[in-house]
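Throughout, read-outs are computed from the coordinates displayed, never taken from laboratory work. Just so you know, these numbers come straight off a predicted model, no measurement behind them. Quick reminder, even Gly has a Cβ in these numbers, built from the backbone with ideal geometry, and neighbours come from all protein chains shown.
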Amino acid sequence: MEIRVRTDADLPALLLALAATHEVDKYPVLPTHVTSEWLLEGDDGMAWVAEHEGEVVGHIAVAEAEEDPNALSVHRLFVRPGARGHGVASTLLTTVETYSKILAQDLFLEVVSHNSEAMRLYESRGWHRVSGYVATWTAPDGTHPEINLYASPHNDAAHVLHVGRGKPTE
Ligand SMILES: CC(C)(COP(=O)(O)OP(=O)(O)OC[C@H]1O[C@@H](n2cnc3c(N)ncnc32)[C@H](O)[C@@H]1OP(=O)(O)O)[C@@H](O)C(=O)NCCC(=O)NCCS
């Protein structure tokens with residue numbers, strides 16, 4: 001498996017993988033978000049893909065946190081359903097963890113409660129849940145998803161406490 005910086009040529013394969021991920025995992029939650037606009041939103045090109053035998057199998061991006069100049073947030077992590085369980089996401093996470101360490105920036109992410117495989121993976125890598133809130137937006141089933149904020153193992157949790165918007169769950 002190879003990790004490399006994402007290019008525009010990767011978009012068709014990434015959108016196919018994202019559509020399959022939406023079907024299986026409701027990620028993204030809204031079907032209208034299976035678009036290149038949503039995929040590219042806010043990452044300023046700081047994004048990587050995982051390639052296996054010439055095929056793009058996974059994606060990760062980071063974005064500067066609007067709320068904190070010393071923090072980066074992980075965005076758009078997904079692995080094509082057929083390529084899971086082989087360490088693709090772990091390798092992508094290692095890439096952004098290394099990147100944030102080089103920049104001396106804290107790293108955090110948000111994950112919807114129904115993406116339990118993702119939460120298990122973060123916790124197995126030493127990430128910890130800092131807080132949660134209920135989304136103000138509505139899922140296709142009429143519910144308001146619960147969002148969890150996670151901090152990376154070396155993160156100063158103070159940086160993520162004020163990031164979430166919506167109604168806190170605790
Ligand atoms: C969450 C997600 C990205 C994980 O992708 P993945 O490539 O399967 O993840 P990994 O293979 O790195 O890790 C998954 C499991 O395989 C195990 N694993 C890691 N390397 C492995 C290897 N070489 N061989 C076998 N298993 C391995 C890991 O230990 C992990 O187990 P754990 O969850 O019990 O800790 C994927 O399920 C996904 O795309 N989900 C939908 C989108 C989503 O929820 N994204 C998060 C948004 S915040």
For the chain, size of Cβ-based charge dipole, Lys and Arg +1, Asp and Glu -1, in debye: 380 debye
Beta bridges by DSSP in the chain, antiparallel share as percent, to the nearest 5: 90 percent
Value at 222 nm in deg cm²/dmol, rounded to 500, when DSSP H runs of n ≥ 4 in the chain each add -39,500 (n - 2.57): -8000 deg cm²/dmol
In the stretch 6-113, GluC sites (Glu not before Pro) in a DSSP loop with at most 14 other beta-carbon atoms within 10 Å: 41, 53, 66, 67
Fewest-first sequence of 3, 60 by Cβ atoms within 10 Å of each Cβ: 3, 60
The stretch 1-102: projected area of the alpha-carbon convex hull, averaged over directions, in nm²: 6.5 nm²
Ratio of the Cα radius of gyration of the chain to 2.2 N^0.38 Å, where N counts its residues: 0.98
